[in-house]
Every structure is written in C-alpha cells, then in structure tokens.
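Undergrad: This is the structure I have questions about; it appears just below.
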Amino acid sequence: MLNYKQCDPKWRDAKIGNSKTSLCKAGCLICSICDIHSKFYYKPESKVKLTPPEAASQFIFTSVSGDPEPHYVEWNLTEWQDFGQKFVERVRTWTDEDIKKVNDYTKKPDYGVVLNVELKKGGQHWVAMWLPGLFGPVCNDPISGSVVWKLTGLLGKYKRILGYAVFSKVN
C-alpha cells in the first residue's frame with residue numbers, strides 16, 4: 001500500500017471538488033481512500049494508481065444545519081466504482097465489538113478500512129488501515145505519513161476511534 005501525504009508538494013494546493021479548500025487542509029479521508037485503492041491496484045511495474053488530486057475531483061464539501069462553514073466531505077459513491085472500488089459500510093460509533101470486525105476486514109485482500117479518529121487537540125482525522133503486520137494492523141497517517149502499528153498505538157497517538165468505513169475492490 002502506498003502512503004499518501006495530504007500536504008505533499010505535488011498536490012497540497014489541489015482543491016477538493018469545486019470548493020476553495022485544499023487537500024493539505026482537509027484531505028485526510030481522500031488520501032486514506034487513495035491508500036486503500038493502491039492496496040487493490042498498484043503495481044510498481046505498471047505505475048497505475050489513483051492520486052489524491054484525481055480522487056479530490058469526486059468529492060464535495062457540504063455543511064450541516066446550523067454550521068456556517070462547509071467542512072464535511074462527501075463523495076459520489078457511484079463514481080467510485082469507476083475507480084475500481086466500492087463503498088461497503090460506514091460505522092459512526094465505535095464499540096469494543098468493532099475491533100474484531102475491523103481486524104477481520106483487514107485480513108481480507110479485497111477489503112480496506114479507513115478509521116475516523118479524534119485528535120488529542122480536538123477535531124477529526126482519517127487514517128487508512130490495512131493487513132495485519134508483524135504486531136497487528138498497520139495504519140497510514142496522511143498528515144505525518146507515518147505508519148502506526150496496532151490499535152493500541154493508534155490510541156496512544158489519538159484520543160479515540162470514532163468510527164470507520166469499509167471499501168472493497170470491484171472485481
């Protein structure tokens with residue numbers, strides 16, 4: 001799996017959808033989904049991959065009632081099938097039972113998980129989670145580009161896990 005950084009100089013200023021918001025400012029979900037895409041399709045010899053600027057064109061910013069500034073990212077799920085992956089499910093409230101479910105998904109080669117985490121300083125963030133490594137699941141953080149090992153490592157870096165979304169490869 002590739003590990004895309006949302007503030008990579010190659011695309012840091014690329015806009016999300018038709019908004020004025022850049023990938024560097026709010027591209028963690030988009031970069032995490034591109035990481036999952038690379039797990040399914042990237043082959044070094046072919047160099048075929050979905051880059052964050054390409055993916056960003058499929059997203060829009062929206063707001064919720066009473067929120068003056070749009071800062072919630074939505075994507076066009078039907079368009080994602082054109083990129084060769086599909087949305088499977090989204091869980092917005094993390095429970096202890098989800099640990100086993102997420103671990104089971106990460107063991108399947110045609111599935112990828114993005115975790116929604118709460119930052120210690122406040123706010124939300126997305127990281128890509130994939131096949132278990134030597135010590136457990138591996139997570140790519142699109143802010144730092146670091147690989148975080150194990151859910152316990154995640155909870156040391158972030159305040160808590162809020163939920164997750166699952167994608168699968170389109171055969």
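The values are calculated or read from the model by the stated rules, or taken from the named source; none is laboratory data. Small disclaimer: the values here were computed from a predicted structure and weren't measured. With ideal geometry, Cβ positions are generated from the backbone for all residues, glycine too; neighbour counts draw on all protein chains shown.
Undergrad: Find the strands (runs of 3 or more DSSP E) located wholly in the range 111-171 whose residues include 3 or more that are at pLDDT 85 or above, and list them.
TA: The strands (runs of 3 or more DSSP E) meeting that bar are 111-118, 124-133, 160-169.
Undergrad: Suppose we filter Ser32, Ser19, Ser38 for residues that are without any contact (Cβ under 8 Å) to a residue 60 or more places away in the chain and under 12 Å from the mean Cα position of the chain (by Cα); which single one remains?
TA: Criteria check complete, one pass: Ser38.
Undergrad: Next up: Does the range 46-68 include one or more residues that are under 21 Å from Thr21 (Cα atoms), at pLDDT 80 or above, surrounded by 15 or more Cβ atoms within 10 Å (Cβ to Cβ) and charged (D, E, K, R)?
TA: The answer is yes; a qualifying residue exists.
One line per residue, one yes/no per condition, for (1) of a type in the set (D, E, K, R); (2) part of a loop (DSSP other than H, G, I, E, B):
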position	(1), (2)
Asn3	no, yes
Arg12	yes, yes
Gly17	no, yes
Lys20	yes, yes
Lys25	yes, no
Leu29	no, no
Ile33	no, no
Ile36	no, no
Glu45	yes, yes
